[in-house]
Amino acid sequence: MSRLTRVLRWVEENKGLDRVAGAVAEAIPSGLRSSRVLRGEPLGHPAHPAAVLLPLGMFAASNVLDLLPGEGKAARALIGVGLATAPAAILTGLAEYATLDERQRRTAFVHLASNAAANLLYLTSFRLRGHGFGVVGRVVSGLGIGVLTAGGLLGGHLAYSQAAGVERERV
């Protein structure tokens with residue numbers, strides 16, 4: 001078993017996360033919890049994986065532009081689009097969170113926390129760039145993509161190893 005797999009398993013088995021992960025589940029408004037559309041039922045599968053593509057793509061593309069000279073304004077614009085589209089990913093993720101079992105919820109909580117931190121880093125980068133601190137903004141975006149990648153690894157573990165959102169009777 002790889003070191004990364006051990007870390008992911010540690011997260012899903014960490015009962016110390018139960019209290020806070022459960023509190024998040026209880027704090028999700030009932031309308032969000034019961035939204036068939038946000039959970040992706042009309043699609044026949046969870047909506048969250050599709051909803052993350054646009055913000056994730058915009059954030060990642062901004063990091064690529066940061067490597068090119070003179071592309072600071074374009075990188076900031078991509079971050080802005082990523083931030084504007086993030087609420088769809090957040091809402092679909094929270095709607096799905098409410099359906100998870102205890103082990104899945106532990107992983108989902110750390111996934112949520114990682115992605116919240118990444119969004120805050122990109123928001124900070126966006127603001128720094130807007131105030132003329134482009135170099136610092138690029139560094140903060142670099143941290144953001146690292147944290148976003150960790151969140152994505154957790155999301156992948158949740159979906160593929162823990163089968164979150166899978167209707168077992170359909171498989």
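The values are calculated or read from the model by the stated rules, or taken from the named source; none is laboratory data. The shown structure was predicted, so the numbers you read here are calculated from the model rather than taken from an experiment. Positions of Cβ are generated from backbone atoms using ideal geometry, with glycine treated the same way; all protein chains shown enter the neighbour counts.
Suppose the filter is among the acidic types (Asp, Glu) and in contact (Cβ under 8 Å) with a residue 60 or more places away in the chain; does Glu71 pass it? Don't jump to the end; show me each part of the working.
Working: among the acidic types (Asp, Glu): yes; in contact (Cβ under 8 Å) with a residue 60 or more places away in the chain: no.
It is false that Glu71 is among the acidic types (Asp, Glu) and in contact (Cβ under 8 Å) with a residue 60 or more places away in the chain.
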Self-check item: Any chance Thr85 is among the hydroxyl-bearing types (Ser, Thr, Tyr), under 23 Å from Val24 (Cα atoms) and crowded, with 16+ Cβ neighbours inside 10 Å
Solution: yes
Quiz item: Looking at (1) at negative phi; (2) touching an Asp or Glu at 6+ places or on another chain (Cβ under 9 Å); (3) surrounded by fewer than 21 Cβ atoms within 10 Å (Cβ to Cβ), can you tell me which one Gly40 breaks?
Solution: (1)
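Against the condition at pLDDT 95 or above, farther than 19 Å from His157 by Cβ and of a type in the set (Gly, Ala, Ser), how does Gly16 come out, does it pass? If you could, list the steps in order and put the result at the bottom.
On the way: at pLDDT 95 or above: yes; farther than 19 Å from His157 by Cβ: no; of a type in the set (Gly, Ala, Ser): yes.
No, not satisfied.
Within region 136-153, restricting attention to residues that are out of contact with any Phe, Trp or Tyr (no Cβ under 9 Å at 6 or more places or on another chain) and in contact (Cβ under 8 Å) with a residue 40 or more places away in the chain, which residue is nearest to Gly57 (Cα to Cα)? If you could, list the steps in order and put the result at the bottom.
From region 136-153, those out of contact with any Phe, Trp or Tyr (no Cβ under 9 Å at 6 or more places or on another chain) are 136, 138-139, 142-143, 146-147, 149-153; that's our starting set.
Still in the list and also in contact (Cβ under 8 Å) with a residue 40 or more places away in the chain: 138, 142, 151-153.
On the way: Arg138: 16, Gly142: 14, Gly151: 14, Gly152: 12, Leu153: 15 Å.
Among those that are out of contact with any Phe, Trp or Tyr (no Cβ under 9 Å at 6 or more places or on another chain) and in contact (Cβ under 8 Å) with a residue 40 or more places away in the chain, it is Gly152.
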Self-check item: Residues being over 13 Å from the mean Cα position of the chain (by Cα) and either in contact (Cβ under 8 Å) with a residue 60 or more places away in the chain or not in a helix (DSSP H, G or I) (or both) - total across region 104-124
Solution: 3
